[in-house]
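Here's the structure we're looking at; comments come further down.
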Amino acid sequence: RAGLQYYVHFMAVLSVYLGVFNLLPIPILDGGRIVFCLAEGIKGGPVSDRAKMISMQLGLMFLGVLMVMAFYYDIMRLQ
């Protein structure tokens, strides 16, 4: 109903939000990869595979909890 201009603006804002969210330093996202590269540069060698795996699992759990909370609050708002 609002028109094409509103739709394009909404899609642009959503794209920017997703881009910024992707750069958060959560290990499963691209920002986490940047943190690992910085850590390797500071350390002078690669980060252990065990540390990478544990941080990836924690990051995935964090994102899962974040998604469940978002769904919960959306459902509670609809009632």
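Output the residue which, of all residues in the range 65-79 that are among the aliphatic types (A, V, I, L, M) and under 19 Å from Ile28 (Cβ atoms), is least open to solvent (accessible area, probe 1.4 Å). Working first, answer last.
First, the residues of the range 65-79 that are among the aliphatic types (A, V, I, L, M): 65-70, 75-76, 78.
The next check asks that each one be under 19 Å from Ile28 (Cβ atoms); those that pass are 65-70.
Working: Val65: 85, Leu66: 68, Met67: 110, Val68: 98, Met69: 94, Ala70: 49 Å².
Only one residue fits best here, namely Ala70.
Any chance you could count how many residues in the range 1-13 are part of a loop (DSSP other than H, G, I, E, B) and either at pLDDT 95 or above or open to solvent by 60 Å² or more (accessible area, probe 1.4 Å) (or both)?
Total satisfying the criteria: 2.
Tell me, yes or no, whether the range 59-67 has at least one residue that is in contact with a Gly (Cβ under 7 Å, 6 or more places away or on another chain), part of a loop (DSSP other than H, G, I, E, B) and not hydroxyl-bearing (Ser, Thr, Tyr).
Looking through the range 59-67, none of the residues is in contact with a Gly (Cβ under 7 Å, 6 or more places away or on another chain), part of a loop (DSSP other than H, G, I, E, B) and not hydroxyl-bearing (Ser, Thr, Tyr).
Of all the residues that make up the range 14-49, how many are open to solvent by less than 40 Å² (accessible area, probe 1.4 Å) and assigned to a loop (DSSP other than H, G, I, E, B)?
So the answer is 5.
Take Arg50 and tell me if it is at negative phi and at pLDDT below 95.
Answer is no for this residue.
The values are calculated or read from the model by the stated rules, or taken from the named source; none is laboratory data. These numbers were taken from a predicted model, which means no experiment stands behind them. Counting neighbours? That spans all protein chains shown, and the Cβs are built from the backbone with ideal geometry, glycine included. Just the protein is used for accessible areas: all its heavy atoms, side chains included, with ligands, DNA and RNA removed. Shrake-Rupley method; radii C 1.70, N 1.55, O 1.52, S 1.80 Å.
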